[in-house]
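*Asks:* First the structure, then my questions, so here it is.
The values are calculated or read from the model by the stated rules, or taken from the named source; none is laboratory data. Predicted model only: the values in this text are computed from it and were never measured. Neighbour counts run over all protein chains shown; Cβ positions are idealised from the backbone, glycine included. Note: areas computed on protein heavy atoms with side chains; ligands, DNA, RNA excluded. Shrake-Rupley method; radii C 1.70, N 1.55, O 1.52, S 1.80 Å.
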Amino acid sequence: MRDARRGRHGWRTLLLAFASPLLLGNDGLEPETLLRDFEIIVFGAELGQQPDGRLHKWRKPIRVYLDIRAGEAELYRRLTADHLADLAELTGLQIGLVETAAEANVVMVFDRDAHLLSSVAEHVPDLPGKDVVRSQAFCFAYFWHSRNSGEIIQAVVGIPSDRAASEGLLPHCIVEETTQILGLPNDSDDVYPSIFNDRSVFDFLTPHDRALVRLLYDPRLPVGADQKEALKTVRQLLREQGF
């Protein structure tokens with residue numbers, strides 16, 4: 001979730017078949033920093049959620065439906081499709097757009113700010129944390145996971161098309177929210193340079209962000225791993241990659 005109270009340079013973001021091997025490449029990123037930031041972003045939470053100490057990610061194909069009710073539909077579709085293609089390459093997941101909500105396990109709603117929550121409610125009547133969203137949100141996302149396995153099974157994204165476009169934040173909202181529903185739900189001012197940083201605005205994933213996504217979707221990191229086990233594996237993955 002992005003916090004509307006902070007303005008352009010300081011708002012917050014709330015929140016497939018087989019993953020490719022981890023190919024980070026050492027871009028001057030420090031292993032302890034990556035490990036710390038992985039823990040903050042993957043095992044933290046927003047929207048009043050309580051982290052359960054497990055790692056959550058998708059295993060099945062991600063099918064995204066765009067419910068565009070206001071704004072430039074073709075532009076939104078192109079920006080979203082381009083970023084989903086990038087995420088598919090980073091994760092090894094099958095990710096793409098579908099034509100109906102019935103086919104989707106992710107719904108992205110673009111509507112005017114005044115109507116956004118009611119439009120999202122047509123797809124998700126009981127959106128958790130909606131009071132927080134109503135009072136603070138700019139754009140937001142939320143995902144659901146299996147209680148048993150920890151696998152992510154459904155997600156929703158809400159983007160206020162009028163405000164995002166007028167403030168030049170539409171690409172940022174699309175990139176940030178669709179990345180967070182992969183299982184990276186938290187934001188932190190300590191994570192930089194990053195799209196997950198509350199006080200920075202990027203329209204793309206930084207090398208730091210791309211490393212975090214690749215780490216999460218390395219096939220040696222199992223869905224539902226507890227925090228201690230997952231961080232031990234991440235440390236080993238970083239070591240193997242020469243960090």
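*Asks:* Restricting the search to segment 147-186, which residues are among the small types (Gly, Ala, Ser), in a loop (DSSP other than H, G, I, E, B) and surrounded by 23 or more Cβ atoms within 10 Å (Cβ to Cβ)?
*Replies:* Across segment 147-186, the qualifying residue is only 183.
*Asks:* Among the aromatic types (Phe, Trp, Tyr) and within 26 Å of residue 52 (Cβ to Cβ): which single residue out of 217, 192 fits that description?
*Replies:* Just one listed residue meets the conditions, 217.
*Asks:* Looking only at residues that are at pLDDT below 95 and among the polar types (S, T, N, Q) in segment 131-146, which one is most open to solvent (accessible area, probe 1.4 Å)?
*Replies:* 135
*Asks:* In segment 77-96, what residues are under 17 Å from residue 57 (Cα atoms), open to solvent by less than 20 Å² (accessible area, probe 1.4 Å) and among the polar types (S, T, N, Q)?
*Replies:* The answer is 91, and nothing else.
*Asks:* Moving on to the next point. With (1) part of a loop (DSSP other than H, G, I, E, B); (2) touching an Asp or Glu at 6+ places or on another chain (Cβ under 8 Å) as the list, and residue 141 as the residue in question, which single condition is left unmet?
*Replies:* (1) is the only condition that residue 141 fails.
*Asks:* Looking at segment 97-128, which of the residues that are small (Gly, Ala, Ser) and in contact with a Phe, Trp or Tyr (Cβ under 7 Å, 6 or more places away or on another chain) is surrounded by the fewest Cβ atoms within 10 Å (Cβ to Cβ)?
*Replies:* The selected residue is 101.
*Asks:* While we're on this one: Which of the residues spanning segment 187-225 are under 15 Å from residue 35 (Cα atoms) and either of a type in the set (Ser, Thr, Tyr) or surrounded by fewer than 17 Cβ atoms within 10 Å (Cβ to Cβ) (or both)?
*Replies:* 188, 190, 192, 193, 194, 207, 217, listed by residue number.
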